[in-house]
Amino acid sequence: MIRSRLFFLIFSSILLVSCTSNNKPIPRTSFLESQADPALSGDGKKIALIVNRNGKPSVQLKNLKTGKILSLLHLSKYQPHSSPSLSWNGRYLAVIGHMGKRKMVILEDRMKRRMHKLSIPQGLIPIRISLSPHARKLAIQSRYSDEDKLYIYDLSNTLEADSSFGLYR
Amino acid sequence: MINLKQIIYFKCVILSFTFLLHGCYSLSFRQLYGLNSFLYKSFGSIDQPSLGVDFLGMLSNYNGREKIALLDLKTRRALSLPGINRFDFRPISLSISADGNKIAFITEVSDQIKLFVYTKKTGSLQPLYLSSKGIPQKLSMDGLGSLLAVEFVREGRTLVDLVKIPGYL
């Protein structure tokens, strides 16, 4: 009696293991709730997200390995935020923010603890932005008279390049 | 009593401080007028810009229909992407890897919202499946083309899922 129960137990556990190990086309790395507008750093180690902070959409930067929230010094006063974009190591974070009612593009240099505001021509409303991995270029999709146009800016005279070899963590 | 020399001295100090603060916080980025004009003439209305190191991925509007396009920024040449702009695809969001070889995109196809990764070198189109149920809306790919962050909606809530791209070594 005991032997047959033991045999049944072993047999069912083998069956269970074989069933669960199949059908895994894409492993889910993690699950982050109530967050939107994700932007991964070039090296895939950090993520910028828009979260709801005190009723205002705000950018949050996370280390994906540790889950730790990384500090941003200058951006909180320019809420609400949208469309974050990160450089390769996450040294630079660009985001669309607000100064009063006016939308603007802000870039934080996390290594030098400095912020840059990008002055864009009056009448243009930034919709989405994209920072190149090495932080040499910034693309701004702007709306003017119901038409979306793209403006690319050269950052190479103003910012140091973000290295792809881990100068900054 | 404050004399004229002291007034001039104070004025100089205030002016230099203003100049320093201005230099720190509103550095001017150079708009690439030639490239921007070329983009407008060649692609018209542009949505969802995604910058790689030397490439720009985007959705461009041809006769009211969104198409996926990849531009080599050095040569200003639109690259051929055979098989990516299927007649039944209505792309919504895209993101490219740093070298421009991989293009991840969300598209409406046969009344469903689906996720694909296109590899330029091989011309292959690979469907991806979220491990969570929901409708994908936006996405961001890391520079290596190995990881995706996907914003999706489930039961009225906006969430973010991380998905590893199969086949990356």
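Couplings 3J(HN,Hα) for the range B:149-165, derived from phi with the Karplus relation 6.51 cos²θ - 1.76 cosθ + 1.60 (θ = phi - 60°), are 10, 10, 8, 9, 10, 9, 6, x, 10, 8, 10, 10, 10, 9, 10, 7, 7 Hz, where x marks Gly and Pro.
For A:Arg53, the residues 5 or more places off, or on other chains, whose built amide H falls under 5 Å of its own are A:Ser58.
Projecting the Cα atoms of A:Met111, A:Gly67, A:Ile140 onto the charge dipole of the range A:32-154, computed from C-beta unit charges around the Cα centre, puts A:Met111 farthest toward the positive end. Across the range A:32-154, C-alpha contacts under 8 Å between residues 6 or more apart give a mean separation that, scaled by the residue count, equals a relative contact order of 17 percent. For B:Ile165, the residues 5 or more places off, or on other chains, whose built amide H falls under 5 Å of its own are B:Leu147, B:Leu148.
Only Cα sites of the range A:32-154 enter the Debye sum here, all with the same form factor; the resulting log10 I(q)/I(0) across q = 0.12, 0.17, 0.22 1/Å is -0.41, -0.82, -1.36, listed in q order.
Couplings 3J(HN,Hα) of the range B:68-84, computed from phi: 7, 9, 10, 10, 7, 6, 6, 9, 6, 10, 6, 8, 6, 10, x, x, 8 Hz, in residue order, whole Hz [Karplus 6.51 cos²θ - 1.76 cosθ + 1.60, θ = phi - 60°; x for Gly and Pro]. Here the 3J(HN,Hα) profile of the range A:51-68, calculated from phi with Karplus coefficients 6.51, -1.76 and 1.60 at θ = phi - 60°, is 10, 8, 10, 6, x, 10, x, 10, 7, 10, 10, 10, 7, 5, 6, 9, x, 6 Hz, Gly and Pro shown as x. Taking all protein chains as they are arranged and a probe of 1.4 Å, the heavy atoms of A:Arg53 leave approximately 90 Å² accessible to solvent. For a label point 7 Å from the Cα of A:Arg113 along Cα→C-beta, name the residues of the range A:41-73 whose backbone N is under 14 Å from it. Answer for this model: A:71-73. Ranked by solvent-accessible area (1.4 Å probe, protein heavy atoms only, all chains present), the residues A:Lys77, A:Lys65 order from largest to smallest as A:Lys65, A:Lys77. Around the amide H of A:Ala135, modelled in the peptide plane, lie the amide H atoms of A:Trp88, A:Asp162, all under 5 Å away and 5 or more residues distant in sequence or on another chain.
The values are calculated or read from the model by the stated rules, or taken from the named source; none is laboratory data. Model, not experiment: these values are computed from the prediction. All Cβ positions, even for glycine, are placed from backbone atoms using ideal geometry, and neighbour counts span all protein chains on display. These accessible areas exclude ligands, DNA and RNA; they are computed on the full protein's heavy atoms, side chains included. Shrake-Rupley method; radii C 1.70, N 1.55, O 1.52, S 1.80 Å.
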